[in-house]
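The values are calculated or read from the model by the stated rules, or taken from the named source; none is laboratory data. What you see is a predicted model; the values in this text were computed from it and never measured. FYI the Cβ positions are ideal-geometry reconstructions off the backbone, even for glycines, and counts take in every protein chain you see.
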C-alpha cells in the first residue's frame, strides 16, 4: 500500500434543514490501492460520508461540512466535485438513474467527453474499459434493454473511463437481484485485485466484504466506531452486533460455540472456519 | 433515462446532418410566420411537413395521432379567428352567432398553420435526431455546452413525466381513486393524489440525475468533446438548397400583397 488516497480528519456534516449533525467527528484514512468497506445500519452516515468524499456535499447538496477531507490529493471542502473531476468515480445505488444516454458507448464516453478530452483519447478509453470489463458486445446496445446488474456494470464502467484514482461505491448492489449482485461484486473484486484501484464502498454483503476488503469501518450515529482488518473487526461479534451490523455467519456460529465453552478463535471466513474445526 | 422523444430508424431524415434538419425546421417556422394571415399560402408548407413526417419513419401511429390532434386544433382556431374577422370579407357560412367569412377563414387557417407547421417540423427534428446529436448541434450553432446539454436533459425528461403520470395514475386507481366521475372541479380535485406523487418522483429523479452528472464531470470543461460527430455530405447540401428555395419562395409569395 502507498500513500494516503483518502484522508478524513474530524469531519462533521449536516444537511440544510437537519438540526443534528449526520457525521460527527469522522476520522479515516485509506491508502493507495486499498479497499475500505463501510458498514452500519441505515442512517448511520455511510452515504453522507461518501457524498462528502465525492465533493457533492455541500457543493451540489446544500449543507454544512466542517473538518478536513483530502481525496486524491485534492482538498475537497475547498474545491468540491469540480476539483475531483477525473480523479474520483462515484457509483450510486439505483442503476436506473445512472444510465443517462441511449447507448452503452455514449454512456462510457460521457465523462471523458465532459472533460473535453480529444475524441481519439475518448474512443481509446471506452474501448479499453469495455474490453477489460467484457462489455464489448454491449457497446451499441440501448442501456434500457439491460438488466439491473448489467446497468450497474455499465455505470461502473462509465466512471472508469475517467481513469479515476479513487472509486466510491454507495451500496451498488442494494437494488439488484441475486444475479445482478453477483455480477457487480465480481467486478468490484476484479477491480480491486487486478487493477489495484483505491475503493471506498458502503456495502451490506458482509461475507463478500470479508473476502475482498483490506479494512472495514463500522459506523454508528455518524461516527466510525470500529475499524480494522475484517478479522479484527468481525472477531468482536458482540460489539459488531451492538452497532446493528450482522457479522459473517461463520463468526456468529463460532461465537456461539465460544459461549458454549468451546475454546476456539472466531473466524470471519469459511476457509478459516475449516481450519478452526480442524478440517483445513 | 435520457431517451427523449427520439425514435430509432434509418429514414431519410435520420440520415441527414442535424444542422440541415434544424435549418429546415427554422425555414418552416419562417415560412409559417410569413404566411400566417393567409392559410392558402401556408398550405404548401403544411403539406411539406406532412411529407417530412411520412419520410421520417416515426411510425404511422404517431403521425396519425399528430395529424388528428392538429385537426382538433384547426376547429378551435377556426372558431376563434374566424369570429374575430367576422366583419371583414364575404360571408361563407353563418352558424348561429358565428359568421365565417372568406377573410376569416384565410386568417384562421394561416394561424392554424403558424402553430401546427413548426410543431410538426420540430417533431420531425427531435424524433429523428439522437439527444446526443441535438446537444452537438446546439453547441455547433453557438449555444454554450452546459446550456445545450441542459436543454437536451429537459427535453429528454418528457417521456419520463408521461411514464410517471401513467404509473401513479394506475396505482391510485388500484387504490380506488376514480378520476372519471364527478363534476369538472371534482375531477380536478381528484387529480391531486396523482400530481403530488408525480412531482415528488420527478424531483427525486432530477436530484439523483444532478448528482450522477456532477460525478461525471458535467460542466467541468467549458467545451465538451464529441466522439460521434455527424458529417455534412452532399445530400445535406442538396436538401438545404431545395428547402431554402421552396420555403423562401413561400416567404416571397406571402410578402406579396
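Which ones in region A:172-204 are surrounded by fewer than 20 Cβ atoms within 10 Å (Cβ to Cβ) and assigned to a loop (DSSP other than H, G, I, E, B)?
A:174, A:175, A:177, A:196, A:204
Go through region A:148-161 residue by residue and tally those that are surrounded by fewer than 24 Cβ atoms within 10 Å (Cβ to Cβ) and part of a loop (DSSP other than H, G, I, E, B).
Count: 0.
Among the listed residues A:261, A:279, which satisfies the condition of being over 26 Å from residue A:223 (Cα atoms), modelled with pLDDT under 85 and surrounded by fewer than 13 Cβ atoms within 10 Å (Cβ to Cβ)?
Values: A:261 fails: modelled with pLDDT under 85.
Sole residue among the options that is over 26 Å from residue A:223 (Cα atoms), modelled with pLDDT under 85 and surrounded by fewer than 13 Cβ atoms within 10 Å (Cβ to Cβ): A:279.
List the helices (runs of 4 or more DSSP H) that sit entirely inside region A:209-280 and contain at least 2 residues that are closer than 29 Å to residue A:170 by Cβ and free of Cβ contacts under 8 Å to residues at least 12 places away in the same chain.
A:237-242
Could you grab me the full set of residues in region A:111-134 that are within 17 Å of residue A:194 (Cα to Cα) and outside any helix (DSSP H, G or I)?
The first filter runs over region A:111-134 and keeps only residues within 17 Å of residue A:194 (Cα to Cα), leaving A:128-134.
Of everything in region A:111-134, those that are within 17 Å of residue A:194 (Cα to Cα) and outside any helix (DSSP H, G or I) turn out to be A:133, A:134.
Please specify each residue of region B:229-243 satisfying the condition of being within 14 Å of chain A (Cβ to nearest Cβ) and either at pLDDT below 90 or crowded, with 19+ Cβ neighbours inside 10 Å (or both). Don't jump to the end; show me each part of the working.
Taking region B:229-243 as the starting set, the residues that turn out to be within 14 Å of chain A (Cβ to nearest Cβ) are B:229-231.
Result: B:230, single match.
Quick one: in region A:106-131, of everything that is touching a residue at least 12 places away in the same chain (Cβ under 8 Å) and more than 8 Å from chain B (Cβ to nearest Cβ), which residue is surrounded by the most Cβ atoms within 10 Å (Cβ to Cβ)?
A:108
In region B:26-45, what residues are part of a helix (DSSP H, G or I) and crowded, with 21+ Cβ neighbours inside 10 Å?
Scanning region B:26-45 gives B:27, B:28, B:31, B:32, B:34, B:39, B:41, B:42, B:45.
Any chance region B:138-148 includes a residue that's more than 14 Å from chain A (Cβ to nearest Cβ), free of Cβ contacts under 8 Å to residues at least 40 places away in the same chain, surrounded by fewer than 16 Cβ atoms within 10 Å (Cβ to Cβ) and in a loop (DSSP other than H, G, I, E, B)?
yes
May I ask you to list the residues in region A:58-71 that are within 14 Å of another protein chain (Cβ to nearest Cβ) and within 15 Å of residue A:165 (Cβ to Cβ)? I'd like the intermediate steps shown before the answer.
Initial filter on region A:58-71 (within 14 Å of another protein chain (Cβ to nearest Cβ)): A:58-63, A:71.
A:71, the sole residue that qualifies.
Tally the residues that are within 30 Å of residue B:178 (Cα to Cα) and within 9 Å of chain A (Cβ to nearest Cβ), restricting the search to region B:205-228.
Residues of region B:205-228 within 30 Å of residue B:178 (Cα to Cα): B:205-206.
In the following step, the residues that additionally are within 9 Å of chain A (Cβ to nearest Cβ) were identified as B:205.
Residues meeting the conditions: 1.
Does any residue in region B:168-188 that is in the same structural domain as residue B:200 (by TED's automatic domain parsing) come within less than 9 Å, Cβ to Cβ, of a residue that is surrounded by fewer than 11 Cβ atoms within 10 Å (Cβ to Cβ) six or more places away or on a different chain, and which pairs are these?
The qualifying pairs are B:187/B:180; B:187/B:181.
For region B:223-248, which residues satisfy the criterion of being in a helix (DSSP H, G or I), closer than 24 Å to residue B:118 by Cα and over 24 Å from the mean Cα position of the chain (by Cα)?
Taking region B:223-248 first, the residues in a helix (DSSP H, G or I) are B:234-248.
Filter once more, so that each one left must be closer than 24 Å to residue B:118 by Cα: B:235-248.
Result: B:235, B:237, B:238.
Condition first: surrounded by 22 or more Cβ atoms within 10 Å (Cβ to Cβ), more than 22 Å from the chain's Cα centre (by Cα) and more than 8 Å from chain B (Cβ to nearest Cβ). Now tell me which residues in region A:92-104 satisfy that.
Hit for region A:92-104 is A:104, nothing else.
Pick out the one residue from B:152, B:124 that is within 18 Å of the chain's Cα centre (by Cα), under 26 Å from residue B:59 (Cβ atoms) and in the same structural domain as residue B:62 (by TED's automatic domain parsing).
On the way: B:152 fails: in the same structural domain as residue B:62 (by TED's automatic domain parsing).
The conditions single out B:124.
Mind telling me which of the residues A:89, A:80, A:55 ends up being within 13 Å of another protein chain (Cβ to nearest Cβ), crowded, with 19+ Cβ neighbours inside 10 Å and more than 17 Å from the chain's Cα centre (by Cα)? Lay out the reasoning, then the answer.
Working: A:89 fails: more than 17 Å from the chain's Cα centre (by Cα); A:55 fails: more than 17 Å from the chain's Cα centre (by Cα).
One residue alone meets the criteria, A:80.
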